[in-house]
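Beneath this line is the structure, given in structure tokens, with notes to follow.
The values are calculated or read from the model by the stated rules, or taken from the named source; none is laboratory data. Quantities reported herein were computed from a predicted structural model and do not represent experimental measurements. All Cβ positions, glycine included, derive from the backbone under ideal geometry; neighbour counts span all protein chains shown.
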Amino acid sequence: MKKAYLLILTILFSLVLNSQNLMETALKDKSNIVLKKSIKINLEDYKFRSWEFFSYKDILKEDFDKNDTTQLEELLEKIKSSKPDFTEWTENEIRNRIPVEPNESIKLKAGLKKIKWTTKTEKKSIKKEIREYNKHSKLWPRYPIALSRPVYSESGNYAIIELINGGSTGKVFLFKKTDDKWKVVADLKSLVY
């Protein structure tokens, strides 16, 4: 019984680590302020064409085979046919970010406590971002970032996430896991609002 319990805990822990690793990759070099409510992945009018995917080959320096194409088709079908998950993001899921409600102000000290900064320059940059957000939260095109829940392929090697930069632009990204690391391999759709 103890072994089964430990096995279940190990599996759940590894799934959380993979998810966090993916979220860290998705949010790298993006705003520190993230909308709590997750969004739907907008691929209604997207048509997958394998030749488009293969055109990424030269840019990405990746070897995509027919199996990858099949997995992507299944993943896109999964997104279109399933109900989106609108569960709010928690601080544990989007570590080192400030989750906010729409039009919510951020207290400077509370915001700084949520983000691990290491240099005075980073601290100054975070303070500036919080102040700009509080001043222009309805108008500022960069804050907060809205993020969909990731949708994973059956193999767990691919994931799709949509990210919107505060209401001005957004993208639907395709991620691939290689050697236990996630990386963006394609921008499936660009959005302008």
Meets criteria (more than 12 Å from the chain's Cα centre (by Cα), surrounded by fewer than 18 Cβ atoms within 10 Å (Cβ to Cβ) and at pLDDT below 80) for Asp65 = yes
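Among the residues of the stretch 166-180, how many are surrounded by fewer than 19 Cβ atoms within 10 Å (Cβ to Cβ) and either touching a Phe, Trp or Tyr at 6+ places or on another chain (Cβ under 9 Å) or modelled with pLDDT of 90 or more (or both)?
Taking the stretch 166-180 and keeping what is surrounded by fewer than 19 Cβ atoms within 10 Å (Cβ to Cβ), we get 167-169, 171, 178-180.
Filter once more, so that each one left must be either touching a Phe, Trp or Tyr at 6+ places or on another chain (Cβ under 9 Å) or modelled with pLDDT of 90 or more (or both): 167-169.
Counting residues in the stretch 166-180 that are surrounded by fewer than 19 Cβ atoms within 10 Å (Cβ to Cβ) and either touching a Phe, Trp or Tyr at 6+ places or on another chain (Cβ under 9 Å) or modelled with pLDDT of 90 or more (or both) gives 3.
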Only one of Ser148, Ser125 is at pLDDT 90 or above, within 17 Å of the chain's Cα centre (by Cα) and small (Gly, Ala, Ser); which?
-> Ser148
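Please state which one of Leu139, Leu108 is more than 23 Å from Lys40 (Cβ to Cβ), of a type in the set (A, V, I, L, M) and at pLDDT below 90. Explain how you work it out, then say what you get.
On the way: Leu108 fails: at pLDDT below 90.
The conditions single out Leu139.
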Under 8 Å between Cβ atoms, at least 6 apart or on separate chains: pull out the pairs that start in the stretch 174-188 with a residue that is closer than 21 Å to Leu43 by Cα and end on any residue that is at pLDDT below 90 and assigned to a loop (DSSP other than H, G, I, E, B).
-> Lys176/Glu62; Lys176/Asn157; Val185/Tyr56; Val185/Glu62; Ala186/Tyr56; Leu188/Leu43; Leu188/Tyr46
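Which ones in the stretch 88-114 are aliphatic (A, V, I, L, M) and either touching a His at 6+ places or on another chain (Cβ under 7 Å) or free of Cβ contacts under 8 Å to residues at least 60 places away in the same chain (or both)?
Passing the criteria: Leu108, Ala110, Leu112.
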The condition from (1) surrounded by 13 or more Cβ atoms within 10 Å (Cβ to Cβ); (2) under 21 Å from the mean Cα position of the chain (by Cα); (3) not in a helix (DSSP H, G or I) that Pro102 misses is numbered (1)
